[in-house]
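Report on the following structure.
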Amino acid sequence: MFTLTFPDGAVRQVSPGTTPLEVAKEISPSLAKAALAAELNGELVSLVHPIQASAAFRLITWQDEVGKAVFWHSSAHVLAQAVKELWPDALLDDGPPTEAGFYYDIKFPQPIGEEDLPRIEVKMREVLKRKERLVRREMDGGEATAFFTARGERFKLDLIQVIAARGEAITVYEQGAWADLCRGPHLLDTAKIKAVKVLSVAGAYLRGDEKNEQLQRVRAISFPTQEELDQYLFMIEEAKKRDHRKLGKELELFSFHDVGPGFPFWHPNGAVIWDELVRFWRDLHRAAGYQEIRTPMILSESLWHQSGHWEHYRENMYFTRIDDGDFAVKPMNCPGHLTVYGAQPHSYKELPLKLAEMGQVHRHEKSGVLHGLFRVRMFTQDDAHIFCTPQQIEDEIVKVIQLVDRIYSTFGFSYEMELSTRPEEKYIGSLEIWEQAEDALKQALGRVGAAFKLNPGDGAFYGPKIDFHIKDSLGRRWQCATVQLDFSMPERFGLDYTAEDGTRKRPVMIHRAIFGSFERFIGILIEHFAGNLPTWLSPVQAIVLPITEGQMEAARAVQERLLAGGIRAQLETRSEKIGYKIRAAETRKIPWILVVGAREAEQGLVAVRRHGKGDLGAKPVDEVVKELQALSMARSLEAETLA
RNA sequence: GCUCGCGUAGCUCAGUAGGUAGAGCGCAUCCUUGGUAAGGAUGAGGUCACCGGUUCGAAUCCGGUCGUGAGCUCCA
């Protein structure tokens with residue numbers, strides 16, 4: 001008998017060969033129905049996998065991320081089967097689950113288009129109706145090669161070679177007349193897949209390598225119930241409404257033009273948001289002991305040789321000539337900051353020295369990756385470099401993490417941390433230095449008690465880093481804050497400080513940014529708030545609407561009192577009905593709409609209407625000014641505006 | 001960069017048997033002075049992204065360029 005230990009600590013004795021499905025049925029029929037797969041000591045297995053040892057046992061359902069992955073992986077097989085029934089000559093490459101749904105990369109005899117997607121969807125439903133079982137079979141290399149050669153699936157033959165070379169078992173999942181090379185595990189059958197939607201088709205390279213031929217990637221999603229699919233599709237629609245590119249245009253925040261692909265133009269409204277973020281950022285950074293500097297946009301190519309950027313980052317840089325010299329437009333601020341540090345001798349008493357800059361950088365991004373404010377060629381980093389002793393690293397990292405938390409919480413953002421370590425190739429500095437740096441980051445994370453994900457090999461070429469990922473309204477994670485340790489750059493620039501004993505020592509440098517870039521961060525804010533920015537960030541905080549032209553002067557006086565109180569206020573002067581003016585103000589998402597009619601004008605009141613909330617009744621003008629000032633000063637989130 | 005789609009007034013879009021362009025919103029002027037999400041009239045506004053080709057004639061067909069959208073990392 002084997003012992004299974006359940007997540008709640010309970011144990012159960014089972015005989016060899018018992019399957020997870022049998023175990024589930026013994027626990028409860030409803031659990032057996034919900035189960036999609038199981039885990040044995042953390043290893044994902046199918047529900048009919050015979051149990052051959054004692055293990056920690058867990059049933060996987062739709063509620064688990066891995067449960068969704070299994071569900072979507074099996075759905076990808078249904079997609080492939082449907083495609084093969086429609087296009088028997090289509091060649092299949094690879095079809096994994098993703099964070100939201102699944103896809104299959106396919107070479108069609110003739111490229112298909114959007115108009116073919118409904119046919120695929122209909123065929124998928126047809127396949128699902130057959131409720132076919134997914135049957136696992138192990139094969140050796142020769143058998144598998146013969147199997148897929150007979151089926152003309154030449155891409156699969158390459159995969160078989162790769163798997164065989166790794167010495168792994170080759171498994172095939174059969175489903176009716178069709179079969180796919182697949183590690184699994186899978187659902188027992190397709191009966192649980194109740195709703196599918198084929199979402200899109202786009203180009204994708206074979207094996208994801210741009211040197212290879214291009215295939216077509218068909219993306220789709222599936223759910224155990226129609227309701228969940230409907231919910232998902234509704235969410236997609238909502239997300240589209242929040243697209244910062246659309247809202248940026250509608251709210252006149254910024255624009256893009258042919259004359260500057262990837263270079264945003266900030267309009268007055270967007271510039272206000274920017275300025276408020278700058279003020280917020282500056283307040284906190286001054287308080288945290290940072291000193292602001294400014295460094296040049298264009299610097300000699302020799303500097304970039306010295307920093308290593310020429311060697312490692314050249315393809316993303318812009319170059320120019322001045323007189324007879326070669327210069328480069330800065331893609332990062334660090335060499336400038338190193339130059340400032342190196343301009344004077346430093347004592348250990350000055351450390352940690354924190355130099356900050358809202359540094360505008362230019363990077364040549366491939367044309368195809370540009371995406372609104374999220375991916376641009378010119379952006380402004382809220383950059384800072386902390387020069388300190390090796391002993392100060394841990395404390396300083398902890399302080400940076402705390403500052404990040406303070407800033408993100410102001411916007412109501414949740415975030416996740418990732419620690420990235422030394423890349424396999426393309427790195428500078430010795431192995432010992434890298435190890436020391438990675439340890440310091442781990443220590444700091446341990447001290448703040450933060451959970452983090454490890455990304456081996458994902459560090460920058462000059463040091464390991466901690467990245468912070470914000471989750472946006474589309475469920476996408478965006479990297480914003482980053483903290484990067486750098487033992488190499490001070491070395492390259494020969495930086496030093498005088499230690500207590502009078503000797504010269506090398507400082508350590510910490511690169512860090514919190515917004516990441518103002519451009520991307522504002523894009524995220526727009527989507528996060530669906531354009532309904534909190535009062536402190538709103539380009540126009542209040543608009544005064546006279547009911548008729550008879551109240552124009554009274555309304556103007558209200559606007560002047562707001563302006564005198566430091567509130568960004570506008571006055572509506574068009575000769576329209578009040579309903580029209582209200583609608584216009586609501587459409588512009590102005591948080592405070594102040595209506596002045598004859599009654600209010602007489603008593604020094606304004607009728608307050610908050611964006612999205614309707615009429616809140618009349619109040620004295622002074623009271624409204626104070627309320628607006630308080631919200632702005634506190635940089636209040638006004639949580640209710642998130643709804 | 002690559003694949004596919006798209007590019008008509010400030011905005012959102014109509015405009016296929018190729019015959020020199022339309023709507024709504026916005027804007028301007030006038031009328032209306034109306035209490036919480038669209039009052040009415042008149043008018044201005046476009047070298048149909050750009051370059052070239054086919055044609056008697058191109059927004060429309062063809063080629064190229066530029067821009068833009070989706071995708072191109074996430075194990076069979």
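Annotations
- Candidates A:Arg609, A:Arg588 - the one that is near RNA strand B (Cβ under 6 Å from one of its atoms) and either within 40 Å of the chain's Cα centre (by Cα) or modelled with pLDDT of 95 or more (or both): A:Arg609
- Verdict on A:Asp622 being assigned to a strand (DSSP E or B), open to solvent by 30 Å² or more (accessible area, probe 1.4 Å) and farther than 27 Å from A:Val278 by Cα: no
- Qualifying positions in the stretch A:551-576 - part of a helix (DSSP H, G or I) and within 12 Å of RNA strand B (Cβ to nearest atom): A:Gln551, A:Met552, A:Ala554, A:Ala555
- The residues of the stretch A:190-205 that are open to solvent by 20 Å² or more (accessible area, probe 1.4 Å) and touching a helix residue (DSSP H, G or I) at 6+ places or on another chain (Cβ under 9 Å), listed by number, are A:Ala191, A:Lys192, A:Lys194, A:Lys197, A:Leu199, A:Ser200, A:Val201.
- Number of residues in the stretch A:577-610 that are part of a loop (DSSP other than H, G, I, E, B) and either touching a Lys or Arg at 6+ places or on another chain (Cβ under 9 Å) or exposed (fewer than 13 other Cβ atoms within 10 Å of the Cβ) (or both): the value is 2.
- Here A:Gly325, A:Gly289, A:Gly308 are screened, and the one residue that is in the same structural domain as A:Met509 (by TED's automatic domain parsing), open to solvent by less than 70 Å² (accessible area, probe 1.4 Å), more than 26 Å from A:Pro539 (Cβ to Cβ) and over 25 Å from the mean Cα position of the chain (by Cα) is A:Gly289.
- Of all residues in the stretch A:183-206, those being more than 17 Å from A:Val70 (Cβ to Cβ) and within 9 Å of RNA strand B (Cβ to nearest atom) number 8.
- Checking A:Asp275 against (1) of a type outside the set (Gly, Ala, Ser); (2) within 11 Å of RNA strand B (Cβ to nearest atom); (3) open to solvent by 50 Å² or more (accessible area, probe 1.4 Å), the condition it does not meet: (2)
- Residues of the stretch A:352-391 that are in contact with a helix residue (DSSP H, G or I) (Cβ under 7 Å, 6 or more places away or on another chain), part of a strand (DSSP E or B) and within 16 Å of RNA strand B (Cβ to nearest atom): A:Arg375, A:Phe379.
- Identity of the residue in the stretch A:625-643, in a helix (DSSP H, G or I) and open to solvent by 40 Å² or more (accessible area, probe 1.4 Å), that ends up farthest from RNA strand B (Cβ to nearest atom): A:Met633
- Condition met for A:Leu338 (within 18 Å of A:Phe493 (Cβ to Cβ) and either open to solvent by less than 20 Å² (accessible area, probe 1.4 Å) or assigned to a helix (DSSP H, G or I) (or both)): yes
- Scanning the stretch A:392-436 for residues that are aromatic (Phe, Trp, Tyr) and either part of a loop (DSSP other than H, G, I, E, B) or not assigned by TED's automatic domain parsing to the domain that holds A:Ala499 (or both) gives A:Phe413, A:Tyr427.
- Only a single criterion out of (1) assigned to a strand (DSSP E or B); (2) within 21 Å of A:Gly101 (Cα to Cα) is not satisfied by A:Arg58, namely (2).
- Any hit, the stretch A:16-31, residues being within 39 Å of the chain's Cα centre (by Cα), within 16 Å of RNA strand B (Cβ to nearest atom) and under 17 Å from A:Pro185 (Cβ atoms): no
- Lone qualifier among A:Gly260, A:Gly248 - being assigned to a loop (DSSP other than H, G, I, E, B), farther than 16 Å from A:Gly336 by Cα, within 16 Å of RNA strand B (Cβ to nearest atom) and not β-branched (Val, Ile, Thr): A:Gly260
- Checked against the criterion of being more than 25 Å from A:Lys246 (Cα to Cα), more than 8 Å from RNA strand B (Cβ to nearest atom) and open to solvent by 70 Å² or more (accessible area, probe 1.4 Å), the stretch A:533-550 contains not a single residue that satisfies it.
- Selection count where residues are open to solvent by less than 50 Å² (accessible area, probe 1.4 Å) and part of a helix (DSSP H, G or I), scope the stretch A:206-227: 1
- Boolean, A:Ile163 is assigned by TED's automatic domain parsing to the domain that holds A:Arg133 and either within 12 Å of RNA strand B (Cβ to nearest atom) or under 14 Å from A:Asp94 (Cα atoms) (or both): yes
- Residues (in contact (Cβ under 8 Å) with a residue 24 or more places away in the chain, surrounded by fewer than 18 Cβ atoms within 10 Å (Cβ to Cβ) and of a type in the set (A, V, I, L, M)) located in the stretch A:160-184: A:Ala169
- At least 3 residues being open to solvent by less than 20 Å² (accessible area, probe 1.4 Å) is the threshold, and among the strands (runs of 3 or more DSSP E) wholly inside the stretch A:437-523 those reaching it are A:465-471, A:477-486, A:508-513.
The values are calculated or read from the model by the stated rules, or taken from the named source; none is laboratory data. If you're wondering where the values come from, they're calculated on a predicted model, not measured in any experiment. Methodologically, a virtual Cβ is constructed for each residue, glycine included, from the backbone with ideal geometry; neighbour enumeration extends over all protein chains shown. Areas reflect the complete protein model, heavy atoms only, side chains present, ligands, DNA and RNA absent. Shrake-Rupley method; radii C 1.70, N 1.55, O 1.52, S 1.80 Å.
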